[in-house]
Amino acid sequence: MRLLIQRVSEALVTINNRKKSSIKKGLLLLVGIEESDTKEDIAFMCKKTIYLRIFDDENGVMNKSILETDGEILVVSQFTLLASTKKGNRPSYIRAAKPDVSIPLYRQFCITLSEMLLINDGPVTIWIDSKMRE
């Protein structure tokens, strides 16, 4: 599982020129799911996300997590995060999970995130990859 996290002052998702969802200050999460991802990857990524201290404290230092702010979270499925550009000029998405795997895991990610009390302020963008734990 791969996340691209952006701290934002606001974020909006449109589909076919229609607003699907929006948030004010908080986090925009782009989520890429691999065939090999499990519930353990979901738990790891959700925990890392909610405790990531990228919001300013009273001294202007990034020292607060989303749990310590009145922020919101917008989660967007983004299989292109798993693109490989190692060979040639056309990205390969071989690592990206097919819908029968990715949709249930994406939904579980959103549920787990909500259960851990989650809720966009930039420009802070942090990449977290569950395969790079050490």
Practice item. Any chance you could count how many residues in the range 1-24 are aliphatic (A, V, I, L, M) and more than 23 Å from residue 83 (Cβ to Cβ)? Key: 2
Revision key, fill the gap. Among the residues of the range 105-127, the number that are more than 14 Å from residue 31 (Cα to Cα), modelled with pLDDT of 85 or more and exposed (fewer than 13 other Cβ atoms within 10 Å of the Cβ) is 1
Point to revise | Subset of the range 26-73 (residues that are among the polar types (S, T, N, Q) and part of a loop (DSSP other than H, G, I, E, B)) | key: 36, 38, 59, 65, 69
Check your understanding: Only one residue in 102, 92 is of a type outside the set (D, E, K, R) and buried (at least 19 other Cβ atoms within 10 Å of the Cβ). Which one?
Key -> 102
Review point. When only residues in the range 66-89 that are under 15 Å from the mean Cα position of the chain (by Cα) and surrounded by fewer than 16 Cβ atoms within 10 Å (Cβ to Cβ) count, which is nearest to residue 26 (Cα to Cα)?
Key: 76
Point to revise | Condition met for residue 84 (within 23 Å of residue 21 (Cβ to Cβ) and among the polar types (S, T, N, Q)) | key: no
Exercise for review: With the checklist (1) farther than 19 Å from residue 11 by Cα; (2) part of a loop (DSSP other than H, G, I, E, B) in hand, flag the one item residue 102 doesn't pass.
Suggested key: (2)
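The values are calculated or read from the model by the stated rules, or taken from the named source; none is laboratory data. Since we're looking at a predicted model, the values are computed, not measured. Note that we place each Cβ from the backbone using ideal geometry, even for glycine, and neighbour counts take in every protein chain shown.
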